[in-house]
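Data first, discussion second: the structure below is written as structure tokens.
The values are calculated or read from the model by the stated rules, or taken from the named source; none is laboratory data. Fair warning: this is a prediction, and the values are worked out from it, not measured in the lab. Cβ coordinates were reconstructed from backbone atoms using ideal geometry, including for glycine residues, and neighbour counts include every protein chain displayed.
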Amino acid sequence: MMEEDKTTNSQQVPTSLEKNEAPSASEGIPAGIRSIRDLIDQVTGRNLQDYDEVDAGYAEQWPFPFLALVGQQEMKLGLVLSLINPNIGGVLLVGPRGTGKTTGVRSLIDLMPYVYESNCYYGCVEEDLEVGGMDAICPNCVEKIARGEDLSTLRSARLVELPLNAQLEDVLGSVDQNAAAHARMRVRRGILSYADQNLLYIDEVNLLKNEVVDVILDAAAQGSYTVRRGQFSATYRSRFTLIGTMNPEEGALRPQILDRFGLRLFVQGLEDVDERFEAYLRSKAYMANPKQVVASYAEETMLARDEISAARQMLPKVTLSKETAKLGLALIQKLGIASLRAEITLFEAARALAAADSRTEVTLDDLQQIAPMAVRLRRSTFMQNYFDGQKMEEEEILDAITMIMKAGNE
Ligand SMILES: [Zn+2]
């Protein structure tokens, strides 16, 4: 095994995964995933397929490669589905410290789909112009329009990380006292406006101040938000996919916040000893030479990114039949879940899964695969007890009404 490591490390420019995978102990365990198709095949129990090789480019940064993550199939599937379909409503990763939640989220950077993003410091986009006219964009962008230039450019979506201890002003934006006297320019853009069309990542969301969480969730739900400071106000778009992590050991999440995350992914420590050792070797190799590890997965990463783009394009064509939907709803009803977000997430994630599998119709298998991630942590014992208690009271009320009416009629 050590000989293998040496040959692997001696190669400068890796050309394929087989020859250059990070030092590996994986003779006895199944190979990792090499594409989103692999991931789908593995979670659905299908066999692996062959792949055409594609040209690879080097990324500027070197996040741990998504395809090099060992195990954690549920986390990987949930994260990929959230890239394919933003209507899933965000993802919450629940698990103890040190299980690779943050590594998993950051590894998405190289898989990000392409989006149109503002070229302007103040976040002006073409839609602002369409909706609010010239007053809704900054003077620089008015000039750009006059010159026939675009206000936004197609580029890779980004992962915007909310800093720990983020304050309300950082998130929403703040008044820039020194700026020019144009309403839009008096407000410094906040993190939320930078997150538009991107992924917003909140580590330890359960430790964030309530007021900050509320603002973020409102902006995510509405897709835009307005900052008002005295006579100045500015509206920004905030259509982002929210990804949060929480370690239940460090405090609970308010139920109303928990409800607003779409998929809930459990991320536990790897149980298989071989997998754990493989994960250790890969992280050791990554720490020694991140660039090389990233390069050894570059081709597969590019392919996975193309697969995600293709699934995104296919998504509008994916349908869910009424019969299939009814079974999903029956499950949610059986579990006594009140929130409509349960079925939105279940159905939208199932559609994304079908698209990732190049199918235009959601099957029962899709629903079965997604259901645990969509419905867990949604049942409320409090509400259940509350309604049970209320049901008794309702019966007493009806009995009393019947009795009094009867007496009145006699
Ligand atoms: Zn502008």
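Looking at the range 77-90, is at least one residue assigned to a loop (DSSP other than H, G, I, E, B), modelled with pLDDT under 90 and away from the ligand (no atom under 16 Å from the Cβ)? Yes.
Here residue 324 meets the list (1) in contact (Cβ under 8 Å) with a residue 24 or more places away in the chain; (2) within 30 Å of residue 190 (Cα to Cα) almost entirely, failing just condition (2).
Among the residues of the range 146-155, is there at least one that is modelled with pLDDT of 90 or more, touching a Lys or Arg at 6+ places or on another chain (Cβ under 8 Å) and crowded, with 18+ Cβ neighbours inside 10 Å? For the range 146-155, residues modelled with pLDDT of 90 or more, touching a Lys or Arg at 6+ places or on another chain (Cβ under 8 Å) and crowded, with 18+ Cβ neighbours inside 10 Å: present. The set of residues from the range 95-124 being assigned to a loop (DSSP other than H, G, I, E, B), within 16 Å of the ligand (Cβ to nearest atom) and out of contact with any Phe, Trp or Tyr (no Cβ under 6 Å at 6 or more places or on another chain) comprises 119, 120, 121, 122, 124.
Residue count for the range 130-144 satisfying the condition of being more than 10 Å from the ligand (Cβ to nearest atom) and either buried (at least 16 other Cβ atoms within 10 Å of the Cβ) or under 21 Å from residue 194 (Cβ atoms) (or both): 2.
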